[in-house]
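Right, one structure below, let's go through it.
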Amino acid sequence: DLAGDASGALALLLDSPLQKNLGPVLGAWQASGDSFGRLQLGLPLSGEKPMLEAYQLDVEMTLQDNRFSQPSARLQFDDINGALRYRHDHGLTSRLLRGRFLGNTLTTRITSEQQNGAWIPQLSLEGKLDVSALAAWLRTPIFDFVRGDSDVKAALLSDGDGTRLTFASTLQGI
C-alpha cells in the first residue's frame, strides 16, 4: 500500500524510467495533497527483453484535496478528488476527478493515447466557467465587455505540436 503527498506519486512517474513511457506532458507539472493507493509490479527474471522494457506495473492512487499546477503556463487545478490509475499497457487514466479551475468546479476524465511508443495523457474537462476569471487568467482585454458564466467543455491535449488547452462553449449565460 502507498500513502503520502501527491508530489511523491508524481515523482514515481517522472523521476524513473517510466517517464519515457509518458512523454514530455507531465514533466512541468507540480502536485501536492494527500494520496493513497496500491502498487503492483511484475519484473521478468528471464526472457529476451531487458527488465525495464518487459516490466508490468499497475498503480492506483486516490487523491484527496490535491493541487496540480504548471507555473510556466499559470495553470492551477485545486481541490482535486478522485482516483487515478497508471498501467504500463494503458498509460495514465481516470474515470472521474473533481476539482476547481479558476474558482469553478470541473469534472475531469483522463485517457492516454499511444504516440511514438509513449502513453500521452489527454484530459477532458466539463463544468461552468466564469468569463471574468478566464479573462484574468488569459490577461487579455478580449473578454472585458462580457460577464457571466457558461457551461464549457475543455481539453488538455498533447501531440507532436506540444500541449494546448482548448475550450468549447455555447456561451449561454454570457
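Residue 36: net charge of surrounding residues, Cβ under 15 Å, Lys/Arg +1, Asp/Glu -1, itself excluded?
Residues near residue 36 contribute -3 overall.
What is the range 45-135's relative contact order, in percent, from Cα pairs under 8 angstrom and six or more apart in sequence?
19 percent
For residue 83 and residue 167, FRET efficiency with R0 = 22 Å and r from the beta-carbon atoms, rounded to 0.05?
0.30
To the nearest 20 debye, what is the magnitude of the charge dipole of the range 52-174 about its Cα centre, counting +1 on the Cβ of each Lys and Arg and -1 on the Cβ of each Asp and Glu?
280 debye
Given 0.36 nm per residue, what is the gain on full extension from residue 128 to residue 153 after removing their alpha carbon distance, in nm?
Length gained between residue 128 and residue 153: 8.1 nm.
Within 10 Å of each candidate Cβ there may be at most 14 other Cβ atoms; applying that plus a DSSP loop requirement, which trypsin sites (Lys or Arg not before Pro) in the range 63-101 survive?
74
Please report, as a whole percent, how much of the solvent-accessible surface of the chain comes from carbon and sulfur atoms (probe radius 1.4 Å).
That fraction is 52 percent.
Provide the net charge surrounding residue 173, with neighbours chosen by a C-beta distance below 9 Å and charges set as Lys +1, Arg +1, Asp -1, Glu -1.
Net charge in that neighbourhood comes out at -1.
Using the Kirkwood radius over Cα pairs, work out the Stokes-Einstein diffusion coefficient for the chain at 10 °C and 1.306 mPa s, in µm²/s as a whole number.
91 µm²/s
Any idea of the accessible area per residue across the chain, 1.4 Å probe, to the nearest Å²?
Value returned for the chain: 59 Å² of accessible area per residue.
Starting from the amide H of residue 112, placed 1.01 Å from N in the peptide plane, find each other amide H under 5 Å away whose residue is 5 or more places distant or on another chain.
Under 5 Å from the amide H of residue 112 lie the amide H atoms of 122, each far enough along the sequence or on another chain.
Using the charge dipole of the range 40-133 (Lys, Arg: +1 at Cβ; Asp, Glu: -1 at Cβ; taken about the Cα centre), state which of 76, 116, 129 has its Cα farthest towards the positive end.
129
Counting only other residues whose beta carbon sits under 15 Å from that of residue 58, what net charge do I get with K and R as +1, D and E as -1?
For residues surrounding residue 58, the net value is 0.
What FRET efficiency comes out for residue 140 versus residue 29 if R0 is 22 angstrom and r is the Cβ-Cβ distance? Round to the nearest 0.05.
Given R0 = 22 Å and the Cβ-Cβ separation, E is 0.40.
Contact order normalised by length for the chain, with contacts defined as Cα pairs under 8 Å and 6 or more residues apart; what percent is it?
14 percent
Using a 7 Å offset from the Cα along the Cα-to-Cβ direction at both residue 36 and residue 116, what is the distance between the two label points in nm, to one decimal?
My value for the distance between the label points is 4.0 nm.
The values are calculated or read from the model by the stated rules, or taken from the named source; none is laboratory data. Worth saying up front: this structure is predicted, and the values here are computed from it rather than measured. Neighbour counts are summed over all protein chains in view; Cβ atoms, including those assigned to glycine, are modelled from backbone coordinates with ideal geometry. Surface areas here come from the heavy atoms of the whole protein model, side chains and all, with no ligands, DNA or RNA. Shrake-Rupley method; radii C 1.70, N 1.55, O 1.52, S 1.80 Å.
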